[in-house]
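**Student:** I am attaching a structure below and will ask some questions about it afterwards.
The values are calculated or read from the model by the stated rules, or taken from the named source; none is laboratory data. Computed from a prediction, not measured in an experiment: that's the story for all the values here. Using ideal geometry, Cβ is built from the backbone for each residue, glycine included, and neighbour counts are taken over all protein chains shown. These area figures cover heavy atoms from the full protein model, side chains too; ligands, DNA and RNA do not enter into them. Shrake-Rupley method; radii C 1.70, N 1.55, O 1.52, S 1.80 Å.
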Amino acid sequence: MRHRDIVILTGAGISAESGVPTFRSDDGLWLGHRVEEVATPEAFARDPAKVQDFYNQRRRQMAEVQPNAAHRAIADFAARFGGRLTLVTQNVDDLHDRAHAETTPAPGFELIHMHGELLKAECTATDRVLDWTEDLDAYHDSPFSPDGWLRPHIVWFGEFPLHMDRIERALSSCDLFVSIGTSGEVYPAAGFVRRAHMAGARTVELNLEPSLGASLFDACIHGPATEIVPAFLNSLDTNAWPNADSRA
Ligand code: BJW
């Protein structure tokens with residue numbers, strides 16, 4: 001079957017081999033804190049210096065990391081795919097953006113950052129967003145309002161993910177849903193596989209190991225993203241999927 005309308009969801013695992021740590025590994029982020037305990041508006045209100053400092057470190061790290069073979073394989077696929085391709089990323093790094101900047105995506109391509117972007121800041125009073133590459137102070141003056149501060153443009157727990165209307169439209173019409181490098185622990189993204197299945201899509205997980213929701217997928221391919229993502233996307237060109245439920 002030739003697919004015409006594809007949604008790819010990515011998570012931290014696709015950037016792991018670029019050197020960006022994942023959230024729920026042993027050496028996960030937040031220096032020993034569970035991300036659920038610190039990535040919240042309440043944590044920011046309680047200790048803005050700590051939260052800003054953490055994002056300052058990660059923003060600086062962006063200059064040291066590069067897209068890897070998995071990001072590039074998706075960008076190359078987006079340049080040659082003739083149908084509609086919606087790439088939804090939970091990642092706040094800019095590695096997909098950079099990979100796609102090296103190619104010319106076909107007209108049906110769209111990239112959505114549903115959890116925000118590290119290289120943007122947001123005014124707490126107006127919600128206006130601007131490009132941002134510098135460090136932010138605990139209480140950083142906003143250029144948009146004397147009543148607001150600049151905070152990282154990041155969706156924390158309890159906040160609404162971005163562009164959900166566009167994501168919902170894409171999920172409701174897709175014929176293939178591919179989930180790459182995500183543990184399936186955080187909603188609403190963890191529920192996308194069910195939504196795509198309801199729309200009649202074929203669903204595939206590409207992850208280092210079975211995720212929490214692995215049993216919900218029609219097929220699972222397990223291994224490092226830099227190996228299994230290029231192989232899987234190449235197989236779509238020829239309709240010859242690699243062995244599903246396998247390890248690379
Ligand atoms: C590799 C690899 C390699 C490694 N190759 N693979 C109770 C039940 C259900 C839901 C809730 C609940 N209580 C609260 C909620 C809602 C809450 C939630 O889901 N909580 C859970 C903890 C239970 N969600 C929210 O609050 C969200 N908002 C919301 O729901 O609003 C209401 C709403 C409802 C419906 C529609 C619309 C709105 C907001 C969630 C915001 C998440 N924010 C974070 C932090 C961002 C800040 C930052 O970056 O610092 O986003 S949390 C963190 O987790 C980050 C990630 O995007 C997200 C997902 O993590 P991800 O990407 O899956 O990473 P990991 O580390 O978990 O997994 C990596 C995977 O890669 C692993 O499986 C590895 O094996 C694999 N891997 N190396 C391939 N080389």
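**Student:** Suppose we keep only residues that are in a helix (DSSP H, G or I) and open to solvent by 10 Å² or more (accessible area, probe 1.4 Å) within segment 83-99. Which one would you say is nearest to the ligand (Cβ to nearest atom)? Show your work before the answer.
**Tutor:** Just the residues of segment 83-99 that are in a helix (DSSP H, G or I), to begin with: 95-99.
Now drop any that are not open to solvent by 10 Å² or more (accessible area, probe 1.4 Å), which leaves 97-98.
Values: D97: 15, R98: 17 Å.
Among them, the one singled out is D97.
**Student:** Working only within segment 61-82, note down all residues that are away from the ligand (no atom under 14 Å from the Cβ) and open to solvent by 10 Å² or more (accessible area, probe 1.4 Å).
**Tutor:** Initial filter on segment 61-82 (away from the ligand (no atom under 14 Å from the Cβ)): 63-64, 66, 72, 75-82.
A63, E64, Q66, R72, D76, A79, R80, F81, G82 - these are the residues of segment 61-82 that are away from the ligand (no atom under 14 Å from the Cβ) and open to solvent by 10 Å² or more (accessible area, probe 1.4 Å).
**Student:** Residues in segment 2-9: is at least one at pLDDT 95 or above, near the ligand (Cβ under 8 Å from one of its atoms) and of a type outside the set (D, E, K, R)? Give the derivation first.
**Tutor:** Restricting attention to segment 2-9, the residues satisfying the condition of being at pLDDT 95 or above are 5-9.
Keeping just the survivors that are near the ligand (Cβ under 8 Å from one of its atoms) gives none.
Within segment 2-9 (the criterion being at pLDDT 95 or above, near the ligand (Cβ under 8 Å from one of its atoms) and of a type outside the set (D, E, K, R)), the answer is no, since none of the residues qualifies.
**Student:** Mind telling me which of the residues T203, T133, T182 ends up being open to solvent by 60 Å² or more (accessible area, probe 1.4 Å), among the polar types (S, T, N, Q) and at pLDDT 95 or above? Step through it out loud before you land on a result.
**Tutor:** Values: T203 fails: open to solvent by 60 Å² or more (accessible area, probe 1.4 Å); T182 fails: open to solvent by 60 Å² or more (accessible area, probe 1.4 Å).
Just a single option satisfies the conditions, and that option is T133.
**Student:** Just the residues that are touching a residue at least 40 places away in the same chain (Cβ under 8 Å) and within 13 Å of the ligand (Cβ to nearest atom), please, taken from segment 194-207.
**Tutor:** Restricting attention to segment 194-207, the residues satisfying the condition of being touching a residue at least 40 places away in the same chain (Cβ under 8 Å) are 196, 201-202, 204, 207.
Hit for segment 194-207 is N207, nothing else.
**Student:** Go through (1) in contact with a His (Cβ under 9 Å, 6 or more places away or on another chain); (2) under 25 Å from D97 (Cβ atoms); (3) more than 15 Å from the ligand (Cβ to nearest atom); (4) open to solvent by 30 Å² or more (accessible area, probe 1.4 Å) for F177 and report which single condition fails.
**Tutor:** (4)
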